[in-house]
Amino acid sequence: MDDFLIDRGRGGLPRVTLRHPTGSGAEIYLYGAHVTSWSDAAGRERLFLSRSSAFERGTPIRGGIPVSFPQFGNFGALSKHGFARLVDWKLTGTERLDTGERAANLHLESDPRTLGLWPHPFRAELSVALGGETLRVRLRVINTGGEPVSMTAALHTYLRVQDVHEATLNGLGGVPYLDSANGNRRGLEGRAEVAFYDETDTIYLQAPDSVSLVEGERSVEIRKTGFPDLVVWNPWTRASELRDMDDSEYREMLCVEAAVVEEPVVLAPGGEWVGAQSFRAPPGAGPHARSGAALDQ
Ligand code: TA6
């Protein structure tokens, strides 16, 4: 099979498929620059995508890696998570990197529609690089206007788990947080291994760049650069309030989002900002498997 395929996916929306010689794969929709699938060399899907997700313009895709830009959540006057996930991005191109990764590069430029929502000229670029065991996603934003601009953003990644009750997120002990599920109460994470028993919507502030999601013998190492914060979300039984997620699907997902929330990025005219999130899923790796170097960006 070719390394790159450009076709129409669900809902007839344009889609780029990346294939790595090891057998791993990824799919990206131009609508929202949305990564909807990352499968490892054994063919196991590593991202969660809701069975009830819409694939139609005007509604965000539920699952995968939505791009929240230029606003994270409701932290501003725009609609929740900004407009980037609701518009068509353009495919800049695909390439084989020196690292052996297969990559797709997308971009979005301000136009009359975005300027009507957010009066700031910009260019945003999203690069997705697929390796044998890794997926790297990089967001670059350039202020192409003449005034300073303030923005927040996230790579709102939905990771797939077999059962969220059995999963822990490790590496957040001692990190301050904002608990969005409880009136934005502030706290300090007391657990080295965070387990999940209820609705979770936590913004870890100035979070460590490396955490790991561990579930039995499976683990995913998650790294970020440029993004100071890390958001962890699971709607739990409130999934029933989401019309694009089945009631029990909360068991199969955990959002671990590289984000910039509390202290917005301020870009001077001509200035740029880069943030990235990457994932490594070693085959058959046990809970304590670790390897950092391969994910440096
Ligand atoms: O990033 C977490 C969050 O902001 C939660 O508050 C939750 O609502 C989630 O995003 C999903 O938002 P959405 O608009 O996609 O339903």
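Results, tabulated for the structure shown:
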quantity	calculated
Residue in the range 234-256 that is farthest from the chain's Cα centre (by Cα), counting only those that are closer than 30 Å to residue 140 by Cα and surrounded by fewer than 20 Cβ atoms within 10 Å (Cβ to Cβ)	244
Test: residue in the range 152-170 that is more than 16 Å from the ligand (Cβ to nearest atom), over 20 Å from the mean Cα position of the chain (by Cα) and in a strand (DSSP E or B)	no
Residue selected from the range 192-205 under the condition assigned to a strand (DSSP E or B) and within 14 Å of the ligand (Cβ to nearest atom), by the criterion farthest from residue 234 (Cα to Cα)	204
Every residue from the range 229-270 that is within 13 Å of residue 203 (Cβ to Cβ) and in contact with a strand residue (DSSP E or B) (Cβ under 6 Å, 6 or more places away or on another chain)	229, 230, 231, 232, 233, 255, 256, 257, 258, 259, 260, 261
Subset tally (residues that are at positive phi and in contact with a helix residue (DSSP H, G or I) (Cβ under 9 Å, 6 or more places away or on another chain)) for the range 222-249	1
Check on residue 130, more than 18 Å from residue 25 (Cα to Cα) and aliphatic (A, V, I, L, M)	no
The range 197-221, residues that are touching a helix residue (DSSP H, G or I) at 6+ places or on another chain (Cβ under 9 Å), under 20 Å from residue 46 (Cα atoms) and surrounded by 22 or more Cβ atoms within 10 Å (Cβ to Cβ)	221
In the range 212-235, residue nearest to residue 279 (Cα to Cα) [restricted to those that are hydrophobic (A, V, I, L, M, F, W, C) and more than 11 Å from the ligand (Cβ to nearest atom)]	222
Extreme residue, nearest to the ligand (Cβ to nearest atom), among residues of the range 39-64 that are touching a Phe, Trp or Tyr at 6+ places or on another chain (Cβ under 7 Å) and assigned to a strand (DSSP E or B)	63
Among (1) under 30 Å from residue 146 (Cα atoms); (2) of a type outside the set (Ser, Thr, Tyr); (3) surrounded by fewer than 22 Cβ atoms within 10 Å (Cβ to Cβ); (4) touching a Leu at 6+ places or on another chain (Cβ under 7 Å), the one test that residue 259 misses	(3)
Per-region count, the range 254-263, residues hydrophobic (A, V, I, L, M, F, W, C) and either more than 16 Å from the ligand (Cβ to nearest atom) or in contact with a Gly (Cβ under 7 Å, 6 or more places away or on another chain) (or both)	2
Test for residue 217: is it more than 15 Å from residue 260 (Cα to Cα), out of contact with any Asp or Glu (no Cβ under 6 Å at 6 or more places or on another chain) and at pLDDT 95 or above	no
Candidates 70, 121, filtered to the one that is within 16 Å of the ligand (Cβ to nearest atom) and in contact (Cβ under 8 Å) with a residue 12 or more places away in the chain	70
Residue 266 being away from the ligand (no atom under 16 Å from the Cβ), modelled with pLDDT of 95 or more, exposed (fewer than 15 other Cβ atoms within 10 Å of the Cβ) and part of a strand (DSSP E or B)	yes
Answer residue from the range 80-110, given it is part of a loop (DSSP other than H, G, I, E, B), closer than 30 Å to residue 240 by Cα and in contact (Cβ under 8 Å) with a residue 12 or more places away in the chain and is nearest to the ligand (Cβ to nearest atom) among those	81
Condition check for residue 18: crowded, with 24+ Cβ neighbours inside 10 Å and more than 15 Å from the ligand (Cβ to nearest atom)	yes
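Yes or no, residue by residue, for (1) among the acidic types (Asp, Glu); (2) within 16 Å of the ligand (Cβ to nearest atom); (3) farther than 19 Å from residue 38 by Cβ:
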site	(1), (2), (3)
182	no, yes, yes
190	no, no, yes
207	no, yes, yes
210	no, no, no
237	no, yes, yes
243	no, yes, yes
246	yes, yes, yes
249	yes, yes, no
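The values are calculated or read from the model by the stated rules, or taken from the named source; none is laboratory data. This one's a predicted model, so the numbers in the text were calculated from it and none came from an experiment. Cβ atoms come from the backbone with ideal geometry, glycine included; neighbour counts cover every protein chain shown.
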